[in-house]
Amino acid sequence: LERQPSGERKKTYAFWETQPVAQFNDSVSTSGSAEDGPIDAPKTVADVRQEPYNLPESFVWSTCDVNDTKTVEEVYQLLTMNYVEDDEAMFRFNYSQEFLQWALQPPGYQANWVLGVRVSSSGKLVAFITGVPATVRVRGKEVSMVEINFLCVHKKLRAKRLAPVLIKEITRRVNLRGIWQAAYTAGVVLPKPVATAQYWHRSLNPKKLISVGFSRLAPRMTLARTLKLYKLPDQPQTPGLRPLTAQDVPQVTQLLSQYLSTYELAPIFTEEEVLHYLMPVEGVIDTHVVEDADGKLTDMLSFYTLPSTIIGNPTYKTLKAAFMYYTVAKATPLQQLMTDALILAAKKGHDVFNALDIFENDKILKDLKFGIGDGRLRYYLYNWRVAQELKASQIGLVLL
Ligand code: NHW
């Protein structure tokens, strides 16, 4: 049911113990413990190493321009064959090329933070990591950060310590722009999560989900009863619900900002970022707003499309999943708004709707017939100490 390797905590972390991240043996927070803030001594851009880190012989760094059709195809192929799988290796994330172009080019993106490693002789792309700029508020402090994602090493090059080199090189490139903090999420346990969230899944196409082994028929349930249980109305139910348009962006930025300000870890979005991240892109991101009789926007919902390859299934090649993104329920009850999100996702052919137990979601997931997943998603900060670990319900940040 879950796509992130869940992984128990290892005893030692040869790489991560050398990095400015919270460590498992850091003194447990007491009332007198250190304040939130950077872990490393302050540096300036002039202190940053000018030369790229050395790769093993016969590999070269390669900045990847995802606007180039050949390059985005190479990135797509690397990730499609080698990115995140569930523990049983039944499903593997299948980010589309359009998704990658959207996710990697928000306002202020830096071309050389889309970083690949190629084999010198053949030019084959074999490893990847990316960063995009973001402003994140952590327990009341506004921090200029990079969000790191899409770390991937080709299966044939695993366990050769390439990942630490990728991480050090992206850190250097980010530091050269005067940014010293990062946020990232992973299924694996690393030193040391700022929070741990849990994935929940809502069946939209139970027959297919059961057939491909994503879910199982519950005890004493028939397929017919299961289909009935998950059946949804054909159309969304909230009056005034419609797709987001560019003219809505100022109001939506306000609505979203006000909502996110109630969380301890959440992005601070400019209007340009709201336009980029929330404007609908077919097959990538869906956003709807609720407009009242006076033309005021009272609520919003959004989800992104991230299919998974079904590994070695003769009938079905991909599982089409919608992932809950940013949703604000102000005038409409959250449960009703999320029901409409499920209906919209089902109408677009999604098989399952995934959500984390962040935001206020723990209040509604069960009633909406979400089932708990079998893996967890950990939230991490680089070079930022928090004096207190956060609960999932204090998280207002969704990384793609
Ligand atoms: S999480 C998805 C990560 N990708 C995958 O799971 C895809 C499938 N797996 C792979 O491609 C979303 C490889 O297994 C990877 C590791 C590449 C994961 N994060 O090269 P070695 C993100 O993209 C540590 C961080 O031998 P490998 C977020 C591991 O603990 N570290 O392993 C990315 C060990 O260190 P240790 C991870 O299997 C955030 C070392 O890597 C990790 O061939 C990145 C082993 O390296 C993970 N998900 O390649 C951090 N998985 O200390 C950003 C393993 O234990 C930090 N490791 O010895 C901030 C940087 C920017 C700062 C700017 C101020």
Q) Just a yes or no: is a residue in the range 85-95 part of a loop (DSSP other than H, G, I, E, B), in the same structural domain as T63 (by TED's automatic domain parsing) and away from the ligand (no atom under 13 Å from the Cβ)? A) yes
Q. Just wondering, is there one or more residues in the range 26-41 that are touching a Pro at 6+ places or on another chain (Cβ under 7 Å), in contact (Cβ under 8 Å) with a residue 60 or more places away in the chain and open to solvent by 30 Å² or more (accessible area, probe 1.4 Å)?
A. yes
Q: Just one of (1) surrounded by 16 or more Cβ atoms within 10 Å (Cβ to Cβ); (2) closer than 23 Å to A127 by Cα; (3) in contact with a helix residue (DSSP H, G or I) (Cβ under 9 Å, 6 or more places away or on another chain) trips up R202, so point out which.
A: (2)
Q | Complete set of residues in the range 324-357 that are in contact (Cβ under 8 Å) with a residue 40 or more places away in the chain and open to solvent by 10 Å² or more (accessible area, probe 1.4 Å) | A | M324, K330, A331, T332, Q336, T339, L344, A346, K347, K348, L356, D357
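Can you tell me which residues in the range 234-256 are open to solvent by less than 30 Å² (accessible area, probe 1.4 Å) and aliphatic (A, V, I, L, M)? Explain how you work it out, then say what you get.
Of the range 234-256, the ones open to solvent by less than 30 Å² (accessible area, probe 1.4 Å) are 238, 244, 248-249, 252-253, 255-256.
Result: L244, V249, V252, L255, L256.
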Q. What number goes with the only condition from (1) out of contact with any Lys or Arg (no Cβ under 8 Å at 6 or more places or on another chain); (2) touching a residue at least 60 places away in the same chain (Cβ under 8 Å) that R158 does not pass?
A. (2)
Q. Condition test on T185, is it near the ligand (Cβ under 9 Å from one of its atoms) and either in contact (Cβ under 8 Å) with a residue 12 or more places away in the chain or open to solvent by 40 Å² or more (accessible area, probe 1.4 Å) (or both)?
A. yes
Q: Mind telling me which of the residues A159, A163 ends up being near the ligand (Cβ under 7 Å from one of its atoms) and assigned to a loop (DSSP other than H, G, I, E, B)?
A: A159
Q | Filter result for I179 (touching a Ser or Thr at 6+ places or on another chain (Cβ under 9 Å), part of a loop (DSSP other than H, G, I, E, B) and modelled with pLDDT of 95 or more) | A | yes
(Q) Here are the criteria: (1) at pLDDT 95 or above; (2) at positive phi. Tell me which single one G7 does not satisfy. (A) (1)
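The values are calculated or read from the model by the stated rules, or taken from the named source; none is laboratory data. On a predicted model such as this, the values are computed, not experimentally measured, just so you know. Using ideal geometry, Cβ is built from the backbone for each residue, glycine included, and neighbour counts are taken over all protein chains shown. Quick note on the areas: whole protein, heavy atoms, side chains included, nothing else; ligands and nucleic acids left out. Shrake-Rupley method; radii C 1.70, N 1.55, O 1.52, S 1.80 Å.
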